[in-house]
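These notes are about the structure you will find just below.
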Amino acid sequence: MQIGELAERTGVPRRLLRYYEEQGLIMPRRLDNGYREYDAYLVERVMKIRGLLDSGIPTRIIVDMLPCLDQSQEIVVADPDPELRAVLVRERERMAERISFLQHSHDALTRYLEAMDVAKGRQDALTS
């Protein structure tokens with residue numbers, strides 16, 4: 001697929017997809033005419049990259065995480081960097097806090113919608 005289709009399927013602008021390519025996050029094939037050709041698996045990868053970026057993980061760390069993004073496979077780290085590990089632990093903790101906050105907000109929104117439905121039911125009963 002070409003970049004326009006990848007952009008459409010992922011909701012990520014073409015310019016941002018080119019940035020992902022510059023950062024080494026996605027690697028399209030080049031056709032003889034110089035056009036980029038994006039494989040179908042990149043749709044899911046781009047969505048995962050967006051999720052990681054939205055959770056605050058920078059592209060420089062996502063590049064190192066790429067083996068974890070695609071398929072289940074054993075991850076081998078040749079030279080573990082203690083500083084990077086500390087950053088990743090902090091990011092994971094921050095992500096867990098955000099997940100907790102989002103779950104709380106989701107539950108509150110669900111309760112509010114349920115209350116609206118109850119009120120609508122009462123209103124409908126009064127007008128019937």
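The values are calculated or read from the model by the stated rules, or taken from the named source; none is laboratory data. These numbers come from a predicted model, not from an experiment. Note: ideal-geometry Cβ built from the backbone for every residue, glycine included; neighbour counts use all protein chains shown.
Using beta carbons and a limit of 7 Å, which pairs, at least six apart or on different chains, have the first residue in the range 83-97 and among the acidic types (D, E) and the second one surrounded by 13 or more Cβ atoms within 10 Å (Cβ to Cβ) and not in a helix (DSSP H, G or I)?
Every condition considered, the pairs that remain are E91/I57.
Could you grab me the full set of residues in the range 33-48 that are assigned to a loop (DSSP other than H, G, I, E, B) and modelled with pLDDT under 90?
G34, Y35
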